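Working notes, beginning with the structure itself.
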């Protein structure tokens with residue numbers, strides 16, 4: 001293993017070799033500008049920050065491979081950067097080195113309308129992709145809310161509001177191009193809907209947070225735009241009634257497209273921020289139904305019955321596409337609505353998930369935790385998957401941040417005790433490292449570490465993320 | 001790496017150590033009976049056969065771990081065995097050693113009806129599981145036709161007739177218990193619908209064919225029994241019309257439950273074998289629609305329109321559950337129908353898949369290949385996924401087998417040239433090894449080999465399967 005032995009030259013020397021080589025090879029694609037580096041020193045979790053030595057703006061898989069070859073030879077870390085929307089510190093170059101920005105890699109390489117698939121460069125955002133697809137009658141449904149890149153969504157195994165119907169990135173990525181630690185390029189998966197040939201490298205890379213390879217191209221499943229989309233809102237006097245309605249929708253197998261919960265705190269903020277004056281500050285479910293007209297009518301009828309049995313108030317319908325967009329925009333602006341209610345405060349978003357039968361118990365427990373903390377916090381989320389977020393507002397100080405993390409720890413502990421996961425969709429990054437061993441057990445983590453050590457023995461790919469240190473499986 | 005160095009004692013000596021230790025530890029669970037060993041020397045592809053030294057009938061994860069610990073210490077191969085329904089040689093102990101039979105591990109460990117999931121031991125068959133689930137209103141939908149075990153279905157990433165609607169094992173396995181090469185037990189995944197925490201070890205093990213670990217327990221997604229199920233058959237004068245109908249159903253996004261094609265050769269055999277005297281020996285589509293009544297009605301209406309536009313004859317409806325079961329039993333007995341038409345011959349089933357837009361071209365090419373071969377062969381399959389099989393009948397001699405393989409090679413070459421895969425659902429085993437490099441490229445294979453070398457450095461887990469030998473990625 002001599003090639004993986006610790007390098008003999010000091011880090012700063014190796015780094016300056018890397019910078020010289022990259023500047024010679026890539027010219028203006030390399031920036032050491034302080035404000036560019038600062039913009040790449042963190043994602044939306046700005047509390048987790050560290051400056052890169054330089055930012056390289058890649059425009060092709062070959063660029064990414066070139067950067068990795070140089071960094072690999074010199075044992076210098078590389079952290080991929082897309083839209084910077086991570087909330088768990090994924091894009092922060094904890095050990096310095098190179099921030100590899102893929103946001104200029106926005107080409108749609110192929111659209112196969114007849115096969116409902118497409119191939120894109122990793123830096124395109126889902127909004128840009130869907131805008132370009134509009135004339136095809138197809139769309140890419142995974143919708144985490146923010147303006148994320150497809151590559152970043154792959155790396156964190158993202159999901160969002162429509163996952164209850166269309167699945168997450170795990171179910172919607174057919175194949176990848178990825179650059180491995182040493183600069184080699186691999187193709188995984190392909191264009192077929194299913195295959196039984198070989199280890200599922202696509203699924204291994206999806207969710208690997210840039211620690212096993214850097215994703216440069218993605219083959220995506222597309223879906224036909226539904227013939228009809230209907231959206232409605234139903235308010236409830238109690239949180240239990242709203243959660244139970246969502247739970248029963250899933251248990252009955254109603255193929256609903258979205259079912260989102262906003263608690264009274266969140267709804268009050270949204271009413272103010274998005275001018276939803278027709279609603280009350282009560283726990284609210286946002287629904288979307290889609291498909292062929294008769295099927296949609298049937299879904300709606302079944303859902304209304306369940307809501308009524310759970311004491312739901314009358315359904316408010318979004319009759320037009322504009323009305324629908326206004327409602328869903330209000331939902332997606334939930335974070336900013338909380339921000340507006342808490343000027344000058346910092347916000348921390350939690351993310352946990354449990355089997356749906358445990359959701360009522362968990363949310364009730366979280367409300368107790370919030371009350372005990374004395375903090376302002378809302379609850380909202382993708383309750384059809386058993387997944388929700390708490391948005392916690394605290395003073396914008398290190399102490400305030402620690403207060404928010406303390407509340408998050410209580411929430412995660414409750415979720416894990418109810419057979420849950422510490423992240424439904426945000427990923428591990430730095431923020432969730434401490435929970436991984438409890439969630440997966442030491443044996444599975446030791447296997448994960450063996451995979452990391454094999455594919456990136458020099459530990460140059462996003463070091464310090466996803467895996468807490470510990471024993472490594474040896475077969 | 002001293003522990004992985006080649007062992008110094010000869011294989012026969014190490015094997016007798018293993019047998020002594022296992023007999024001492026496990027008593028009557030160990031069999032060296034010749035007929036028991038013979039029954040574990042091959043799966044349904046009896047042409048690929050090799051005797052194990054002994055068969056161990058495991059009854060628990062602890063039993064599996066005990067076997068692996070002993071075999072690991074002595075560098076003796078272990079091949080997992082379930083129902084023996086593999087058609088690609090997966091269960092054949094190519095290098096001898098232990099056949100580890102899991103078919104006594106049939107417990108259902110938990111059914112969580114409210115969460116639509118269950119946990120089972122790996123040796124239960126899907127039929128037994130569904131029989132036990134009957135009173136819950138839930139079922140496990142992945143249906144490869146044969147009486148396969150859930151563990152074997154995981155190991156080969158199986159799918160079958162209902163995958164077009166419910167997905168394959170990849171989409172329906174939430175988590176696993178697996179025993180690694182050295183006997184350590186890991187838990188992967190969990191009970192939640194989605195998670196963004198850590199490498200997806202579940203997906204890595206699903207489809208790994210017993211080469212990375214032995215799956216002993218499986219957490220499965222369940223689905224509600226549909227309120228209504230309707231089945232119908234439509235016959236076509238030409239193969240093109242039938243294939244185009246299936247392709248358009250998928251392209252229109254009709255959420256059909258099953259859509260199976262049987263060509264005229266296959267239909268003729270099924271009519272004779274299953275007494276389907278109401279049908280003609282024409283290319284035929286078998287449909288199943290399910291869901292809420294209005295949604296089913298709408299699916300049927302749309303499908304009938306497409307079939308009519310493609311010159312389909314009148315739909316024949318299976319009005320009762322008995323009628324439906326008769327039709328689908330005839331479909332699932334397709335192999336035996338071909339066998340009955342070809343007494344004394346050997347049958348070889350191929351398995352390829354392409355993007356659905358390429359399906360008509362591929363099937364037409366395969367018909368030419370069949371005609372040129374002069375062999376009797378039918379075409380049938382899961383055309384909604386772009387996946388189909390050719391059942392080839394040849395003389396039951398080594399030469400006949402080679403004739404069938406020669407035709408299969410032509411079919412696979414066509415599929416790969418149309419962006420396809422050499423196996424939609426049967427897996428690689430031994431039979432598809434030669435195609436892996438063309439399909440995945442040398443770079444991805446070198447990464448797969450690195451994973452294998454890391455997790456099973458002594459190469460005791462199902463050696464000789466899934467991965468052709470070649471260079472190993474080194475990061």
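The values are calculated or read from the model by the stated rules, or taken from the named source; none is laboratory data. Bear in mind that the values here come from a model prediction, so they are computed numbers and not experimental data. All Cβ positions, even for glycine, are placed from backbone atoms using ideal geometry, and neighbour counts span all protein chains on display.
Under the condition of being surrounded by fewer than 24 Cβ atoms within 10 Å (Cβ to Cβ) and either more than 7 Å from chain A (Cβ to nearest Cβ) or touching a strand residue (DSSP E or B) at 6+ places or on another chain (Cβ under 9 Å) (or both), the residues counted in region B:447-457 number 3. Please verify whether residue B:202 is in contact (Cβ under 8 Å) with a residue 24 or more places away in the chain, buried (at least 23 other Cβ atoms within 10 Å of the Cβ) and farther than 18 Å from residue B:103 by Cα, treating the condition exactly as stated. Criteria met by residue B:202.
For region B:421-435, a residue qualifies if it is touching a helix residue (DSSP H, G or I) at 6+ places or on another chain (Cβ under 7 Å) and either more than 8 Å from chain A (Cβ to nearest Cβ) or under 18 Å from residue B:170 (Cβ atoms) (or both), and the qualifying residues are B:421, B:422, B:424, B:428.
Given the structure, is residue B:178 assigned by TED's automatic domain parsing to the domain that holds residue B:260, more than 18 Å from the chain's Cα centre (by Cα) and part of a strand (DSSP E or B)? Considered against the rule, which asks whether it is assigned by TED's automatic domain parsing to the domain that holds residue B:260, more than 18 Å from the chain's Cα centre (by Cα) and part of a strand (DSSP E or B), residue B:178 comes out as no.
For the residues B:416, B:407, the requirement of being assigned to a helix (DSSP H, G or I), away from chain A (no Cβ under 13 Å), farther than 20 Å from residue A:204 by Cα and modelled with pLDDT of 95 or more singles out B:407. Which ones in region A:94-116 are in contact (Cβ under 8 Å) with a residue 12 or more places away in the chain, assigned to a strand (DSSP E or B) and either surrounded by fewer than 24 Cβ atoms within 10 Å (Cβ to Cβ) or under 15 Å from the mean Cα position of the chain (by Cα) (or both)? Scanning region A:94-116 gives A:108, A:109, A:111, A:112. Considering region A:307-329, the residues that are at pLDDT 95 or above and buried (at least 20 other Cβ atoms within 10 Å of the Cβ) include one that is nearest to the other protein chains (Cβ to nearest Cβ), namely A:310.
Selection within region A:117-134: residues that are part of a helix (DSSP H, G or I), modelled with pLDDT of 95 or more and more than 21 Å from the chain's Cα centre (by Cα). The member of this set that is nearest to the other protein chains (Cβ to nearest Cβ) is A:133.
Within the set B:160, B:210, B:183, the sole residue that is at positive phi and surrounded by fewer than 24 Cβ atoms within 10 Å (Cβ to Cβ) turns out to be B:183. The single residue among A:91, A:76, A:56, A:67 that is in contact with a strand residue (DSSP E or B) (Cβ under 6 Å, 6 or more places away or on another chain), within 23 Å of residue A:185 (Cα to Cα) and in a loop (DSSP other than H, G, I, E, B) turns out to be A:91. Annotation: of all residues in region B:436-446 being touching a helix residue (DSSP H, G or I) at 6+ places or on another chain (Cβ under 7 Å) and more than 9 Å from every other protein chain (Cβ to nearest Cβ), the one that is nearest to residue B:365 (Cα to Cα) is B:438. Scanning region B:265-302 for residues that are part of a helix (DSSP H, G or I), within 11 Å of chain A (Cβ to nearest Cβ) and surrounded by 21 or more Cβ atoms within 10 Å (Cβ to Cβ) yields B:295, B:296, B:298, B:299.
Tell me, please, whether a residue that is within 19 Å of the chain's Cα centre (by Cα), surrounded by fewer than 24 Cβ atoms within 10 Å (Cβ to Cβ) and under 23 Å from residue A:95 (Cβ atoms) can be found in region A:425-433. Looking through region A:425-433, at least one residue is within 19 Å of the chain's Cα centre (by Cα), surrounded by fewer than 24 Cβ atoms within 10 Å (Cβ to Cβ) and under 23 Å from residue A:95 (Cβ atoms). If you scan region A:117-128, which residues turn out to be free of Cβ contacts under 8 Å to residues at least 24 places away in the same chain and in contact with a strand residue (DSSP E or B) (Cβ under 9 Å, 6 or more places away or on another chain)? Matches in region A:117-128: A:128 only. Considering every residue within region A:243-253, establish whether at least one is without any contact (Cβ under 8 Å) to a residue 60 or more places away in the chain and either within 14 Å of chain B (Cβ to nearest Cβ) or part of a helix (DSSP H, G or I) (or both). Yes, region A:243-253 has at least one match.
Among residues that are over 27 Å from residue B:357 (Cα atoms) and either surrounded by fewer than 21 Cβ atoms within 10 Å (Cβ to Cβ) or more than 13 Å from every other protein chain (Cβ to nearest Cβ) (or both), residue B:397 is included.
What about residue A:259, is it within 14 Å of chain B (Cβ to nearest Cβ), part of a strand (DSSP E or B), within 25 Å of residue A:141 (Cα to Cα) and touching a helix residue (DSSP H, G or I) at 6+ places or on another chain (Cβ under 9 Å)? Criteria met by residue A:259.
I'd like to know if region B:190-200 contains one or more residues that are not in a loop (DSSP other than H, G, I, E, B) and not assigned by TED's automatic domain parsing to the domain that holds residue B:249. Among the residues of region B:190-200, not one is not in a loop (DSSP other than H, G, I, E, B) and not assigned by TED's automatic domain parsing to the domain that holds residue B:249, which makes the answer no. Of the listed requirements (1) at positive phi; (2) more than 10 Å from every other protein chain (Cβ to nearest Cβ); (3) buried (at least 24 other Cβ atoms within 10 Å of the Cβ), residue A:145 misses just one: (3). Give me the residue from region B:336-362 that is touching a strand residue (DSSP E or B) at 6+ places or on another chain (Cβ under 7 Å) and free of Cβ contacts under 8 Å to residues at least 60 places away in the same chain and, out of that set, surrounded by the most Cβ atoms within 10 Å (Cβ to Cβ). Going through the qualifying residues, I end up with B:347.
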